[in-house]
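**Student:** Can you keep this structure in mind? I'll have questions shortly.
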Amino acid sequence: MADAPAFTRAIAEHYDTRLGPMLFESFARDIAARLPPHSARVLEVAAGTGIVSRHLLSALAPDASLMVTDQQEGMLHVARTKVAEDARAECRQADAMSLPFPDRSFHAVVCQFGLMFFDDKAVGLREIRRVLTPDGTLLLSTWASLADNPIPRITYEAVEHAFPDDAPSFITVPFALHDQDFVTTLLHGAGFSYVRSDVVEAVCDSPSAHAAAMAMLHGSPLSIQLQERGADIRHLVDLVSARLAREGGFAPMRLPMKALVFTAQ
């Protein structure tokens, strides 16, 4: 993973139980609903903890198959627990830069909020194009900008204020691909001739502003970067939760989030 420490198993569990319901579920349902009908063989790249995987399995036919991959074993460990009872699913550790599958293996590839972490985005997208059938479809999502996503924006502002000269880099990485034209150009360069982009908005909620702050500060490698700087994470949680409460309410806390979804063939 570029620009970030590993998702350890402990972080992956926080990510799944805290961040997942708040940030990812609505977008996971949306991207799974876009899966082309009759997709018999589907690959999920950078699947994380399997949040999208469950929705893909619900959309797939009984005789279809889903290959769930992620480079981070900590994340994949959690994903395995979600799909283990479904015979259509297989989990495999894989680097998106060098997918361990033959050419033209899959009718569809799904990658939700993963491209931002590819070490070489052009190489990764070419690999996805390689393993797709000629008429196959890539469903790819990225976040819109930090300005469009107040939950991470508020978190980043608090962290940046605490470390003005050495702010942890991780929190900005997921929001680095918010330019639709740039991502479209990447996709064309990887061999996709047709690219459509859609803006998807959702209201994300948490039981409380405090729970949301805990999710943001403990559910990603940001927590490691804060520990390395000797941060008082309890104090940061209090700061972030107070600001989230002002904008989204104390309990529950609700704020909008915005993403981009690309359909490429």
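Every number here is computed from the coordinates shown, using simple stated rules; none is lab data. Model, not experiment: these values are computed from the prediction. Positions of Cβ are generated from backbone atoms using ideal geometry, with glycine treated the same way; all protein chains shown enter the neighbour counts.
**Student:** Taking the DSSP beta bridges in the chain as the whole, what percent of them are antiparallel, to the nearest 5?
**Tutor:** Approximately 50 percent, going by the DSSP bridge assignments.
**Student:** Here's a follow-up. Would you mind telling me which residue in F24, F118, F101 has the biggest mean-square fluctuation in a Gaussian network model of the chain, where springs connect alpha carbons within a distance under 10 angstrom?
**Tutor:** F101
**Student:** Largest first and in whole Å, what are the equivalent-ellipsoid semi-axes of the stretch 9-264 based on the Cα gyration tensor, each being the root of 5 times an eigenvalue?
**Tutor:** Values for the stretch 9-264, descending: 31, 19, 17 Å.
**Student:** Among 76-82, 197-203, how do they line up by average Cβ neighbours within 10 Å per residue, starting with the highest?
**Tutor:** Order by mean packing, descending: 76-82, 197-203.
**Student:** So for the stretch 88-217, Kirkwood radius off the Cα pairs, Stokes-Einstein at 4 °C and 1.567 mPa s: how many µm² s⁻¹?
**Tutor:** 77 µm²/s
**Student:** If you don't mind, there's one more thing I want to ask. Only helical DSSP H runs with n ≥ 4 go in: add -39500 (n - 2.57) per run for the chain, normalise by residue count and round the 222 nm mean residue ellipticity to 500 deg cm²/dmol.
**Tutor:** Helices in the chain give a 222 nm mean residue ellipticity of -11500 deg cm²/dmol.
**Student:** Once the Cα gyration tensor of the stretch 29-92 is found, what semi-axes does its equivalent ellipsoid get, as square roots of 5 times the eigenvalues, in whole Å, sorted largest first?
**Tutor:** Values: eigenvalues 68, 29, 19 Å².
Three semi-axes, in Å: 18, 12, 10.
**Student:** Just order 171-178, 60-67 by mean Cβ neighbour count inside 10 Å, highest at the front, would you?
**Tutor:** So the peptides 171-178, 60-67, ranked by packing, come out 171-178, 60-67.
**Student:** Sort 46-55, 7-16 by the packing proxy (mean of other Cβ within 10 Å over each peptide's residues), most packed first.
**Tutor:** 46-55, 7-16
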